[in-house]
1. What are the ³J(HN,Hα) couplings of region 67-80, residue after residue, when phi is run through the Karplus curve with 6.51, -1.76, 1.60 and θ = phi - 60°? Round to Hz, x for glycine and proline.
2. So what's the angle, to the nearest 10 degrees on a 0 to 90 scale, between helix 166-181 and the longest Cα principal axis of the chain?
3. Starting from the Cα gyration tensor of region 1-154, take the square roots of the eigenvalues, sort them a ≥ b ≥ c, and report rounded, prolate or oblate (rounded when a/c is under 1.5, otherwise prolate if a/b is larger than b/c, else oblate).
4. Can you give the angle from 0 to 90° between the axis of helix 135-146 and the longest principal axis of the chain, with both taken from C-alpha atoms, to the nearest 10?
5. Which loop trypsin sites (Lys or Arg not before Pro) in region 126-203, with loop taken from DSSP, have no more than 16 other Cβ atoms within 10 angstrom of their Cβ?
6. Kindly write out, for region 43-55 in residue order, the coupling ³J(HN,Hα) from the Karplus curve 6.51 cos²θ - 1.76 cosθ + 1.60 (θ = phi - 60°), rounded to whole Hz, with x marking Gly and Pro.
7. Can you give the FRET efficiency to the nearest 0.05 for residue 70 and residue 214, using r as the Cβ-Cβ distance and R₀ = 41 Å?
8. Determine the calculated [θ] at 222 nm for the chain from helices alone, applying -39500 (n - 2.57) to every DSSP H run no shorter than 4 residues and normalising by the residue count; nearest 500 deg cm²/dmol.
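The values are calculated or read from the model by the stated rules, or taken from the named source; none is laboratory data. Values in this document were obtained by computation on a predicted structure and should not be read as measured data. Cβ atoms come from the backbone with ideal geometry, glycine included; neighbour counts cover every protein chain shown. SASA here: full protein model, heavy atoms, side chains in, ligands and nucleic acids out. Shrake-Rupley method; radii C 1.70, N 1.55, O 1.52, S 1.80 Å.
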Amino acid sequence: SIRPKPIQRYQIVPIIKEMAAREMFSPDTVIDWGGGGEPTLMPEFDWCFAFFLERNFTQWLHTNSVRMPKSISDSNTRLERVHILTSVDAGTADTYRMIKKSGGYQSVWENLKGYKERGAEINVKYIVTEENCSKAEARIFIKEVEKIVPATLLLDIDYRFPNPSQPVIEGLAGMQKMAEQAKIHTELGSTGANSAPEYGLRERLGQKLKRRENQQDDQHKFIP
């Protein structure tokens with residue numbers, strides 16, 4: 001039988017201290033707290049985040065925003081060079097619970113507002129699936145995003161299903177149109193949308209949006 005390898009752990013703080021002592025950090029250093037999992041739960045996150053914040057480094061924090069770490073909640077330091085990226089993927093608490101297996105929906109929006117009030121740039125992601133693509137879900141979600149503008153809305157698909165169904169395309173198009181009407185800056189991608197370009201997601205979405213525009217134009221034409 002194959003024996004599982006023991007989990008290898010290492011401490012980050014001594015490494016960062018040594019790098020700082022050797023002046024290895026550039027003033028243009030960018031820290032990306034990503035790669036899977038919730039980085040704010042790392043034992044050394046608070047120390048590291050505060051260390052980088054004090055040096056005014058750009059930081060990208062990929063977080064579910066269910067919790068706000070003490071290094072932020074207990075600090076008065078502004079977060080102008082901090083970018084928050086949170087994938088909400090739901091417009092209601094019930095859908096959020098179904099997708100995320102968590103009851104933290106309201107906490108997510110409260111913490112996103114808290115990050116915004118502290119000066120952070122907010123990027124909210126919505127991975128459109130057949131479970132969350134309804135118009136009603138989209139309307140509620142867009143209303144929540146409006147409360148934290150200016151913010152960027154990132155629309156995407158599940159990378160595990162790179163050939164989206166028609167309901168998903170409809171959901172993407174509908175949400176993009178709602179966001180445009182609400183003057184919310186919107187981008188498509190990137191993980192799911194870029195995972196399999198051979199399925200032509202961007203082209204299909206563009207065609208759907210064009211058909212919607214043509215239908216609206218037809219409705220406004222004067223018929224004698």
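1. Those phi angles translate into 10, 10, x, 4, 4, 9, 5, 9, 10, 9, 5, 6, 10, 4 Hz.
2. 80
3. Note, shape of region 1-154 comes out oblate.
4. Rounded to the nearest ten degrees, it is 50.
5. Numbers: sites: 135, 139, 143, 147, 160, 177, 183, 202; in loops: 147, 160, 183.
Passing both the DSSP loop test and the Cβ count: 147, 160, 183.
6. x, 9, 4, 4, 4, 5, 4, 5, 4, 5, 5, 4, 8
7. In this case the efficiency is close to 0.20.
8. Calculated from helices alone, the mean residue ellipticity at 222 nm is -12500 deg cm²/dmol.
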